[in-house]
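Here the structure is laid out as structure tokens; the discussion comes afterwards.
No value in this document is a laboratory result; all are computed from the given coordinates. Here the structure is a predicted model, which means the values were calculated and not measured. Glycine gets a Cβ as well: all are built from the backbone with ideal geometry, and neighbour counts include every protein chain shown.
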Amino acid sequence: MAELVEQTRAAREAFLDALVFDDPVRLYEQAPCGYLSTTPDGLIVKCNATLLTWLGLEAADVVGRLSFVDLLSRGDRIYHETHYAPSLRMHGSVREIALDLLRRDGRRLPVLVSANLDRDEEGLPRVVRIAVFDATDRRRYERELLRAKEEAEAAEQLARALARTLQQTLIPPVPPTIPGLELAAAYRPAGDGSEVGGDFYDVFPLGPADWIVVIGDVCGKGVEAAALTALVRHTVRALAVGHGGPAHILEGLNEVLLRHGNDRFCTVALLRVRQVHGEWHALHATGGHCAPLLLGAGRPPEVVGAEGALLGVLEQVRFDETAVPLRPGEVLLLHTDGVTEARDREGAFFGEHRLRSTLTRLPAAAGPVVEGVVADVLAFQDQRARDDIAVVAFGLPAPGP
């Protein structure tokens, strides 16, 4: 241990001696960076061996014959006159200016330049001292970083485009026509629509007077959310082929999501709407989603059923079904949380009370209900949705006078 301490002390003393007694000329000539001095108008009067070696020049080629600007590439000569030299004269120094020097063979040497302008006692420019640092590796790294950034941005744009295309396939462009029923739907993406969300709805037939109406919200945004939304939508369609009830479909969907191995969950409200003996009935079940609202003229909105358990979280789940007879002049409204959880500038929620207030002043008809809800939610947010909004309404037309 004592021997190691002695060796360390000796090495430190040798290092300090080298700093104190090293030849200053050698320190200048063989410094790890280039040094040169110029007159105020740029004529080179001194240049160290390091810079000359980098450029492949001799001192006789440079000192007293060339100006600093003569060492620069053509484009950098313009920058020297318009930025470098005026800044040096005005501030007395420049720091880490990126330039390209020309070697004897015509190749470029990327460098970073720092310079100080010394003045005499009367304040007149006397000499410019310039330090030049080889930036070849730094420039290579910057180019690679820029290329990686551009590739990542291109990949992100492609992923967003693919996700938007995928999401567009999840939202029916025009709600289908159901003979005997009024149906309306709307979807508004958050923000400018560049970020893909997980809200969706679907309406499809099981028979001439037998339909499935589904609305849901997959946790999160982006490509993964869009892909999981596609899985949910197509799974619902596949499970519905067996003509099972809404609870059966949600149980099957929950199993599929658990096997999928994704840590995202989703919420779904699902109704099977059928006409039996000339009368329409809806059988409803929800998995963690906002329960539908039953609207009728002259009475407040009524919540139908319960929200149920989230999908894709628990293995053992149970979903209750609620039967809803549809009478003329009644509308069932389904929506995602982009309605009730919409926020204004102060962070206040649109909330259930504002939704009910909107519904009480709207006629109990599918089209006006969807249009009115979306309009009020967007107005509450200064016309810029902060979350995706999906709304579906259907019902029987009110009897004529």
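Let me check I've understood the local charge: for Thr53, count other residues with C-beta under 13 angstrom from its C-beta, Lys and Arg +1, Asp and Glu -1. What total comes out?
Values: positive: Arg103, Arg104; negative: Glu29, Glu58, Asp61, Asp134.
Its environment carries a net charge of -2.
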Problem - At most 15 other Cβ within 10 Å, DSSP loop - GluC sites (Glu not before Pro), the stretch 58-126 - result: Glu58, Glu121, Glu122
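Once the piece of chain linking Leu124 and Ala152 is laid out straight, how much longer is it, given 0.36 nm per residue of separation minus the C-alpha distance between them?
Details: separation 28, 0.36 × 28 = 10.08 nm, distance 5.19 nm.
Here the segment from Leu124 to Ala152 would lengthen by 4.9 nm.
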Exercise for the section: List the relative contact order of the stretch 31-134 as a percent without decimals, with contacts defined as Cα pairs under 8 Å and 6+ residues apart. Expected result: 29
Completion exercise
Taking every C-alpha to C-alpha distance in the stretch 31-134 and binning by 5 Å from 0, the per-bin percentages run 2, 13, 25, 28, 19, 9, 3, 1, 0
Handout entry: Karplus-derived 3J(HN,Hα), 6.51/-1.76/1.60, for each residue of the stretch 245-260, Hz, glycine and proline x
Key = x, x, 5, 4, 5, 5, 5, x, 5, 4, 5, 4, 5, 5, 6, 5
Fill in the blank from the handout: A correct Karplus calculation of ³J(HN,Hα) over the stretch 174-190, with 6.51 cos²θ - 1.76 cosθ + 1.60, θ = phi - 60°, whole Hz and x for Gly and Pro, returns 9, x, x, 8, 10, x, x, 10, 9, 9, 9, 8, 8, 9, 10, x, 5
Exercise for the section: Might you report the magnitude of the Cβ-based charge dipole of the chain about its Cα centre, with Lys and Arg at +1 and Asp and Glu at -1, to the nearest 20 debye? Expected result: 780
Fill in the blank from the handout: Taking the stretch 183-244, the whole-percent share of alpha-carbon pairs separated by over 16 angstrom is 51
Problem - Mean residue ellipticity (222 nm) of the chain, computed from DSSP H runs ≥ 4 via -39,500 (n - 2.57), nearest 500 - result: -11500 deg cm²/dmol
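Under 37 °C and 0.692 mPa s, how fast does the stretch 171-395 diffuse according to Stokes-Einstein, given a Kirkwood radius computed over C-alpha pairs? Answer in µm²/s, whole number. Please list the in-between numbers first.
Values: Rh = 17.6 Å.
Rounded, D is 187 µm²/s.
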Completion exercise
Taking the dipole of the chain about the Cα centre (Lys, Arg +1; Asp, Glu -1; charges at Cβ), the one of Thr235, Ala154, Pro175 that reaches farthest to the positive side is Pro175
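What ranking do Phe200, Phe380 get, fewest neighbouring Cβ atoms within 10 angstrom at the top?
On the way: Phe200 27, Phe380 20.
Ordered from fewest to most neighbouring Cβ atoms within 10 Å, Phe200, Phe380 come out as Phe380, Phe200.
Using Cα-Cα distances under 8 Å and only pairs 6 or more residues apart, what relative contact order does the chain have, in percent?
Working: 766 pairs, mean separation 48.9, N = 401.
Contact order relative to length: 12 percent.
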Completion exercise
Per GNM of the chain with C-alpha springs under 10 angstrom, the most fluctuating residue out of His289, His91, His353 is His91
Exercise for the section: Using Cα pairs closer than 8 Å and at least 6 residues apart in sequence, work out the relative contact order for the stretch 171-395, in percent. Expected result: 24
Completion exercise
So the FRET efficiency between Gln316 and Glu371, C-beta based with R0 = 41 Å and rounded to 0.05, is 0.50
Problem - For the stretch 171-395, size of Cβ-based charge dipole, Lys and Arg +1, Asp and Glu -1, in debye - result: 300
Problem - Convex hull volume of the stretch 355-398 per residue (C-alpha atoms, cubic angstrom) - result: 65
Exercise for the section: Rounded to whole Hz and in sequence order, give me ³J(HN,Hα) for the stretch 323-332 from the Karplus expression 6.51 cos²θ - 1.76 cosθ + 1.60, θ = phi - 60°, writing x for Gly and Pro. Expected result: 8, 10, x, 9, 10, x, x, 10, 9, 9
Problem - Amide H partners (placed H, <5 Å) of Gly329, local residues excluded - result: Leu396, Ala398
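Rounded to the nearest 20 Debye, what is the dipole magnitude of the stretch 205-265 about its Cα centre when Lys and Arg each give +1 and Asp and Glu each give -1 at the C-beta?
On the way: 5 positive and 6 negative charges, 29 e Å.
Once rounded to the nearest 20, the dipole reads 140 debye.
Out of every Cα-Cα pair in the chain, what percent are more than 26 Å apart? List each step's numbers first, then the result.
Working: 53585 of 80200 pairs.
Of all Cα-Cα distances in the chain, 67 percent exceed 26 Å.
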Problem - Amide H within-cut-off set for Gly198, under 5 Å, with H built and near neighbours excluded - result: Val218
Handout entry: Other-chain or far-sequence residues with amide H under 5 Å of Leu66's (modelled H)
Key = Ile44
